[in-house]
1. What are the semi-axes of the equivalent ellipsoid for region 169-287, taken as the square roots of 5 times the Cα gyration tensor eigenvalues, largest first, in whole Å?
2. In percent, how large is the relative contact order of region 211-359, given Cα pairs closer than 8 Å and 6 or more residues apart?
3. Would you mind working out the magnitude of the charge dipole of the chain relative to its Cα centre, with +1 at each Lys and Arg C-beta and -1 at each Asp and Glu C-beta, to the nearest 20 Debye?
4. Which of the GluC sites (Glu not before Pro) found in region 352-449 are loop residues per DSSP with 16 or fewer other Cβ atoms within 10 Å of their Cβ?
5. Tabulate in residue order the Karplus-calculated ³J(HN,Hα) for region 456-461, using 6.51 cos²θ - 1.76 cosθ + 1.60 with θ = phi - 60°, rounded to whole Hz; enter x for Gly and Pro.
6. What is the Cα centroid distance between region 321-335 and region 120-171, reported in whole angstrom?
7. If I model a spin label as a point 7 Å beyond the Cα along the Cα-Cβ vector, how far apart are those points for residue 462 and residue 66 in nm?
8. Fully extended, how many nm does the chain gain between residue 38 and residue 212 (0.36 nm per residue separation, minus their Cα-Cα distance)?
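The values are calculated or read from the model by the stated rules, or taken from the named source; none is laboratory data. As the structure is a computational prediction, the values presented were derived from the model and not from experiment. Here the Cβ positions follow ideal geometry from the backbone for every residue, glycine too, while neighbour counts run over all protein chains shown. The accessibility values were calculated without ligands, DNA or RNA, using every heavy atom of the protein model including side chains. Shrake-Rupley method; radii C 1.70, N 1.55, O 1.52, S 1.80 Å.
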Amino acid sequence: MTAPPTHDLVVVGGGPGGYAAALYGAAAGLSVAMVERDKVGGTCLHRGCIPAKEFLETASVFRTVAGAKEFGVQAEQPTVDFGVSQQRKGKVVDQLWKGLGGLLKKRRVTTVAGTGQLGPGRRVTVDGGTELVGRHVVLATGSVPRTIGGFEVDGRLVLTSDEVLALDRLPGRVAVIGGGAIGCEFASMLSDLGTQVTLLEALPQLLPGCDADVVEVLARSFKRRGIDVHVGVPVHGHRPMDGTTTVLYGEGGQVTVDAVVVSVGRRPRSDGLLAAGTAVEVDDKGFVRVDPWCRTGEDGVYAVGDLIATPQLAHVGFAEAMVAVQDALGEQPLPIDYGRVPWCIYTFPEVAFVGLSEAAATAAGHDVVTKKDPFGGNGRALILGETEGLVKVVAARDGAAGAGPILGVHMVGPWVTEQLGAGHLAVNWEATPAEVGRFVQPHPSLSEVFGETVLALTGRGLHIS
Ligand SMILES: Cc1cc2nc3c(=O)[nH]c(=O)nc-3n(C[C@H](O)[C@H](O)[C@H](O)COP(=O)(O)OP(=O)(O)OC[C@H]3O[C@@H](n4cnc5c(N)ncnc54)[C@H](O)[C@@H]3O)c2cc1C
């Protein structure tokens with residue numbers, strides 16, 4: 001019998017965590033094989049980040065055309081042909097998918113189609129047949145939508161994100177269950193495109209964990225646009241009738257809709273991943289257990305991305321993949337500081353933040369000082385006609401200087417997902433407002449609002465105090 005091929009690195013799963021490990025490992029000169037059961041790109045490219053943002057852009061175009069008259073541009077009241085939007089999304093996804101495939105080929109990553117299972121000795125079996133042995137193995141099999149009892153997903157009345165992103169016609173009335181990032185993005189997109197949306201969240205606020213001032217702006221905007229938001233209301237089930245269904249929530253609340261979107265998080269896909277005899281451990285929620293360098297219990301085997309209990313974000317998967325490869329190369333990487341990774345939510349208005357919210361900083365024992373600057377007074381925001389929102393900076397109080405290191409930067413408003421970079425650097429470098437305030441912001445730009453907020457924290461703001 002011939003020995004199975006040995007690679008420096010065998011990756012199981014070709015989503016952001018897996019393909020980043022493959023590309024980064026190959027860039028370092030490792031021989032890499034990657035096993036993928038479906039399409040490289042994973043949830044993010046085919047059922048997540050990219051398609052969701054593509055549809056949010058459709059909503060943005062719709063809003064722009066609907067508001068064109070205000071600029072003196074005469075356009076007819078827009079309507080949406082979601083089938084065409086779906087085709088455009090398909091083109092964007094296909095182009096990125098082909099690009100990724102080309103990149104993997106160029107880096108000489110061997111992609112193997114099939115379902116991988118890890119056995120002892122870093123041996124990966126594909127579809128129960130072909131075997132690959134890795135000097136190192138990265139597990140990156142990702143996650144699938146979580147569901148809730150009483151809401152059986154049928155793709156017609158009850159949908160998860162997978163089904164919403166494949167629709168070719170939008171339902172007239174929708175109940176979105178879950179007010180986290182994905183639920184809020186769907187509520188925002190569907191409402192802007194004409195669907196009547198009811199948003200139901202069991203916890204006391206939308207976007208749990210996000211700074212309360214930011215959430216308030218988003219909740220106000222949702223309300224103004226007719227989204228019926230209910231927080232602190234668990235759902236109890238639903239009663240289908242004649243092609244519609246009535247969702248029961250809170251104390252006696254009910255709403256009749258054409259579809260229910262269940263958006264209550266994602267569970268790791270670890271079922272069947274591990275054959276008997278590996279020392280890789282899985283916790284009671286199905287997450288693979290790892291140390292801060294993404295090492296599992298088995299020597300040379302790493303796990304990254306949604307498969308481990310860290311923030312379920314594509315860019316966190318990228319970062320973990322790099323840490324795992326660096327560790328495999330013996331480069332002693334620094335572990336990821338999960339409390340300081342960027343979060344971007346592409347609702348209208350957008351939300352972006354990094355670091356501690358005011359409440360979390362106070363709860364962690366910091367004596368904090370904060371400043372907020374609204375987009376309402378910003379020239380570029382007025383030109384765009386998008387003045388809803390604010391920037392809030394949370395810093396540690398420093399007796400002599402007023403404000404010490406910046407602990408958190410929180411934004412809601414136009415294009416804030418593209419503006420968070422400066423805040424991200426400030427928080428991660430533990431910079432003070434005096435240090436960041438020295439940097440000049442371009443004028444007129446939306447980024448002046450961050451600059452103003454930081455300046456105000458030095459005790460001498462230009463436009464705000
Ligand atoms: C609607 C939606 C919007 C999102 N928006 C954002 C966003 O804006 N920004 C952001 O950062 N994140 C976003 N996310 C989250 C992001 O998509 C995930 O964090 C990311 O895809 C996780 O990457 P991963 O590689 O760990 O897993 P996945 O992307 O799930 O990829 C895992 C891959 O492994 C394959 N696989 C599974 N089991 C096996 C096996 N045994 N053998 C071989 N292959 C296998 C799967 O087919 C899949 O291709 C969004 C998610 C959703 C659902």
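1. Details: eigenvalues 187, 74, 39 Å².
Working from the Cα gyration tensor, I get semi-axes of 31, 19, 14 Å.
2. Working: 178 pairs, mean separation 20.6, N = 149.
After rounding, I find 14 percent.
3. Here the chain has a charge dipole of around 740 debye.
4. On the way: sites: 358, 386, 388, 418, 430, 435, 448; in loops: 386, 388, 430.
Here the GluC sites (Glu not before Pro) that fit, given the DSSP loop and packing criteria, are 430.
5. Coupling constants for region 456-461: 4, 5, 7, x, 9, x Hz.
6. 27 Å
7. 3.5 nm
8. Values: separation 174, 0.36 × 174 = 62.64 nm, distance 3.96 nm.
Between residue 38 and residue 212, full extension yields an extra 58.7 nm.
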